[in-house]
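To start, the structure itself, in structure tokens.
Nothing in this text is a laboratory measurement; each read-out follows from the coordinates by a stated rule. Note that the structure is a prediction, hence the values are computed from the model and not measured. Neighbour counts are summed over all protein chains in view; Cβ atoms, including those assigned to glycine, are modelled from backbone coordinates with ideal geometry.
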Amino acid sequence: MQRLQLYIEDNDGNYPLVDLFENENVQLTSTIQDVKDIGKVFTDYSQTFTVPASETNNKIFRHYYNYDITGNAFDARKKKKAKLHINYMPFREGKIFLNSVKMKENKAYAYELIFYGNTISLKDLIGDDEL
């Protein structure tokens, strides 16, 4: 049986293991879309998937759901470096995007994530550089 492990870089450069739901499926797509349109060249990406708001994951996504806390809070506007392993063997490296938080009774219940491969798009690589 294939088991997925997700590691997300923290502020110290370490990659703690993210807790996953036991029955969560992560669908990864590897594609290069329309090469003629420079803004649409993609690499690996996943459908939205959820991870539990466990003690470990709450440390990784520090206070994201509480907008009153500003010091050292998780900045979801930026993608974080991440690694995917299958059965503890390296599979893909890329970035993780925190899409949203699901709340139950005013407490975080789950985090919705999207994984992108290292080459998100040529537009992201080039940025504001001019040719």
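Backbone phi angles across segment 47-52, fed through the Karplus curve with coefficients 6.51, -1.76 and 1.60 (θ = phi - 60°), yield HN-Hα couplings of 6, 4, 9, 10, 10, x Hz in residue order; Gly and Pro are listed as x. The gain in end-to-end length when the Tyr88 to Met1 segment is fully stretched comes to 30.1 nm, 0.36 nm per residue minus the alpha carbon separation.
Label sites at Gln27 and Ser54, each approximated as a point 7 angstrom past Cα along Cα to Cβ, lie 2.5 nm apart. Loop-located trypsin sites (Lys or Arg not before Pro) in segment 49-103 (DSSP state not H, G, I, E or B) with no more than 14 neighbouring Cβ atoms inside 10 Å: Arg77, Lys78.
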